[in-house]
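Enquirer: One structure, pasted below without further comment.
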Amino acid sequence: MLLDKMTPEFTAEIVEKALIEKGQRLPHHSLHRWWSRRFAILYRAILASYLTDSKELVRESLDNPKAIEILARGKVFYEPFMGGGTGIIEAAIMGYHSIGIDINPVAVRIAKSTSNLLKGKVDAKEIESKGKTILRKTEEKLIETGWSWNVKGKIVSYIFITKGKIPSWIDKYSRNGKPIRILRCPYCGTIFESPRSSEKETCPHCGRSFEVTHKPKFRLGEGYPTQDGYTIWAAEVRERDGKKWRKRVLDAREILNWLRESHFKAMGKANKARKILDPIPLEDLMEGRRLKREGIKRFSQLFTTRQLATFVAFAEACKELGLDEELIEIFSVFLSESAKSSSLVAKWHSPIGEPVPAVAMKTYWVPEYTVETNPLARVPEKLAPLARNALASSIRRAVRIASSELRISRDVAVEAKIGDARTFVPDRPIDIAIVDPPYMDTVRSYASLSIVHYGAMRVFDEIVGISNDVILDNVERNEIPRDRTGFGEAMKLVFSNIERVLTPSGRVVLFYNRKSVIDWENILQASVESGLHPSVSYWVIGEPPGRLARSRLRGVFVVILTREKPTKSRIVFTKPLQRTSNAIFLDKKVEKSAMKALSNAIRRIYNDEVEVVVL
């Protein structure tokens, strides 16, 4: 099989191909943006090269995963840390019987929903039709309680809120292809637009000069309302301008009555959500303890009153429409995905005119100023969102996935279930498994990262009637330990469970990278003691490029584990690294230090009995 003997040139070619996903995931993996998703192209390369020696067929599979389907039939793929399901979905498209488990219920539901969309269990037109109906009914339910997200004939997209200071640069948009900044004079409070990009601006009302900055540097004056622990100082609204929906920013004092009335009248439905969320002990979660120190003491305080009321109305509308099981789960994922922007731990970023979603930096922070995002913001009667990650956006992505030409064949089984990789043993022989474990201290807890997603999903489930007895702090306690000793012991159990059911020609593929020899030795010792040996390791691109609190290691090693102890272990490194560094920023010295740690760990495990060759 080609998987055991890919050349440096071919590895570099695959890595270069994977970089097409560096800016955006492939559409069928966009239902919900789970963390640390690997590039789908890498899965395709691994899964195809397991089945054939032909480079041409593997190349074809990178663009058309169906090209390998006839060879994948009857083969079984397993992923014990499946996350949002990239691996099991790609394997199923290729024709593998796919089994994936994850301890996090949010991740499992994402994977199941994506699978159901690609298997055609839910029709694209039905999702679009019912999606529009449910959004309309949600809006009607809010109106029945005496309020809506409309003010003065305009749609509210974002409400600007702060716990202290505010910026002078509020927002941005484009007019005829040119950027327009929306600014607020810190002296007189006048909000105005400017096509200039200078660091200083002069207020057209009071004539004073001020610094243009998106950082919170200026204090508010008097007369601004306070709700949910934040002072409201402005709102972005959309109004129809021909075929377009023009963006404007209003001073909060212009819509004072609407702010007060909508908050008061949303309280009834919001309190339903609070009764569901607040019994959940936030302080028992790793991130919850930090959130509590920053003033968020109850689960429901992650959201505003209007957002909670909207979540409840959306769930009620879904329940009344009588959706079947598959659709109900898919619509719960829509709400869960929307919550990452429709929460108080999203961070507004004026230079892009949008919020940065919660935990985009793999941690929660409580920004001094942010926005209250409207989950319902959309062009009326259409699935055209007017706010980031609005419900219309999630529904539209699902329609695209369901109508995609890329499908999972109906006779291909896909099993996505909640499970603990340390105790779960697949009930059938496994041909290839991909093990992508949590990286010790890189992400301390995925359960904690999913707080806002879990919260929105929990509200939905309780109202709709989906059985959901999973407690998030229990999930966190049962995650793979992050300390070195506990991690090694846990990984030995994971590898041993796979080895028990691995076919004679089967392969286990480990995704891993660390700069420490001890860390590498720890996980490789676990695999070797389970009867799985590192025969070849390929350096590939790991995470998409970006500088927001990511690890300095951008690459990951794909380590091929076999039952046969090698006399030589190859590390394919130099060419794929060089090809990648030509396209994106990475620190070659850091990547090289990880490669040396891997090679030294192999030597130490085998007492220099195995030759390590770096290519």
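The values are calculated or read from the model by the stated rules, or taken from the named source; none is laboratory data. Just so you know, these numbers come straight off a predicted model, no measurement behind them. Using ideal geometry, Cβ is built from the backbone for each residue, glycine included, and neighbour counts are taken over all protein chains shown. Heads up: the accessible areas ignore ligands, DNA and RNA and are worked out on the full protein's heavy atoms, side chains in. Shrake-Rupley method; radii C 1.70, N 1.55, O 1.52, S 1.80 Å.
Enquirer: What pairs come up if the first residue lies in the stretch 206-226 and is touching a residue at least 24 places away in the same chain (Cβ under 8 Å), the second is open to solvent by 50 Å² or more (accessible area, probe 1.4 Å) and of a type in the set (Ser, Thr, Tyr), and their beta carbons are under 7 Å apart, counting only those six or more places apart or on different chains?
Expert: Qualifying pairs under 7 Å: PHE210/TYR187.
Enquirer: Specify which of the listed residues (ILE401, ILE408, ILE434) is in contact with a Pro (Cβ under 7 Å, 6 or more places away or on another chain) and either part of a helix (DSSP H, G or I) or more than 19 Å from PRO357 (Cβ to Cβ) (or both).
Expert: ILE401
Enquirer: Consider only pairs whose beta carbons are under 7 Å apart and that are at least six residues apart or on different chains; among these, list those whose first residue lies in the stretch 340-355 and is without any contact (Cβ under 8 Å) to a residue 40 or more places away in the chain and whose second residue is buried (at least 24 other Cβ atoms within 10 Å of the Cβ).
Expert: Partner pairs satisfying both residue conditions: ALA346/LYS340; ALA346/PRO355; ALA346/ALA358; ALA346/THR370; ALA346/THR373; LYS347/PRO355; LYS347/THR370.
Enquirer: In the stretch 23-53, which residue that is out of contact with any helix residue (DSSP H, G or I) (no Cβ under 8 Å at 6 or more places or on another chain) and within 15 Å of THR86 (Cα to Cα) is most open to solvent (accessible area, probe 1.4 Å)?
Expert: Here the answer is GLN24.
Enquirer: Among the residues that make up the stretch 508-519, is at least one of them modelled with pLDDT of 95 or more, farther than 22 Å from ILE434 by Cβ and in a helix (DSSP H, G or I)?
Expert: yes
Enquirer: Sticking with this one: Of (1) among the basic types (Lys, Arg); (2) open to solvent by 70 Å² or more (accessible area, probe 1.4 Å); (3) closer than 25 Å to GLY488 by Cβ, LYS575 satisfies all except one. Which?
Expert: Result: LYS575 passes all but (3).
Enquirer: When the stretch 54-81 is examined, which residues are found to be surrounded by fewer than 24 Cβ atoms within 10 Å (Cβ to Cβ), within 20 Å of ASP4 (Cβ to Cβ) and touching a strand residue (DSSP E or B) at 6+ places or on another chain (Cβ under 8 Å)?
Expert: Listed by number, the residues that qualify are LYS75, VAL76.
Enquirer: Being over 26 Å from ILE143 (Cα atoms), surrounded by 19 or more Cβ atoms within 10 Å (Cβ to Cβ) and not acidic (Asp, Glu) is true for just one of LEU282, LEU277, LEU335, LEU308. Which residue is that?
Expert: LEU282
Enquirer: Could you run through the stretch 480-502 and say how many residues are out of contact with any Leu (no Cβ under 7 Å at 6 or more places or on another chain) and open to solvent by less than 20 Å² (accessible area, probe 1.4 Å)?
Expert: 10
Enquirer: Take residues that are of a type in the set (Val, Ile, Thr) and either at positive phi or assigned by the TED database to the domain that holds SER336 (or both) and tell me which of the helices (runs of 4 or more DSSP H) falling wholly in the stretch 256-321 contain 3 or more. Walk me through it before giving the result.
Expert: On the way: elements: 256-277, 286-293, 305-321.
Where helices (runs of 4 or more DSSP H) fall fully within the stretch 256-321 and carry at least 3 residues being of a type in the set (Val, Ile, Thr) and either at positive phi or assigned by the TED database to the domain that holds SER336 (or both), they are 305-321.
Enquirer: Just to check your reading of the model, which residue among ILE127, ILE110 is more than 20 Å from TYR454 (Cβ to Cβ) and either hydroxyl-bearing (Ser, Thr, Tyr) or surrounded by 24 or more Cβ atoms within 10 Å (Cβ to Cβ) (or both)?
Expert: Going through ILE127, ILE110 in turn, just one is more than 20 Å from TYR454 (Cβ to Cβ) and either hydroxyl-bearing (Ser, Thr, Tyr) or surrounded by 24 or more Cβ atoms within 10 Å (Cβ to Cβ) (or both): ILE127.
Enquirer: Condition first: among the basic types (Lys, Arg) and over 27 Å from the mean Cα position of the chain (by Cα). Now tell me which residues in the stretch 482-529 satisfy that.
Expert: Residues of the stretch 482-529 that are among the basic types (Lys, Arg), as a first pass: 482, 484, 492, 500, 507, 514-515.
Listed by number, the residues that qualify are LYS492, ARG500, ARG507.
Enquirer: Still on this model: Can you tell me how many residues within the stretch 443-494 are under 17 Å from ALA421 (Cα atoms) and of a type in the set (Phe, Trp, Tyr)?
Expert: 2
Enquirer: Next question. In the stretch 572-595, how many residues are in a helix (DSSP H, G or I), of a type in the set (Val, Ile, Thr) and touching a strand residue (DSSP E or B) at 6+ places or on another chain (Cβ under 7 Å)?
Expert: Of the residues in the stretch 572-595, 1 are in a helix (DSSP H, G or I), of a type in the set (Val, Ile, Thr) and touching a strand residue (DSSP E or B) at 6+ places or on another chain (Cβ under 7 Å).
Enquirer: State which residue pairs qualify: first residue on the phi > 0 side of the Ramachandran plot and inside the stretch 529-543, second residue open to solvent by 20 Å² or more (accessible area, probe 1.4 Å) in any location, beta carbons under 6 Å apart, and separation of 6 or more residues or different chains.
Expert: GLY531/GLU499; GLY531/ARG563
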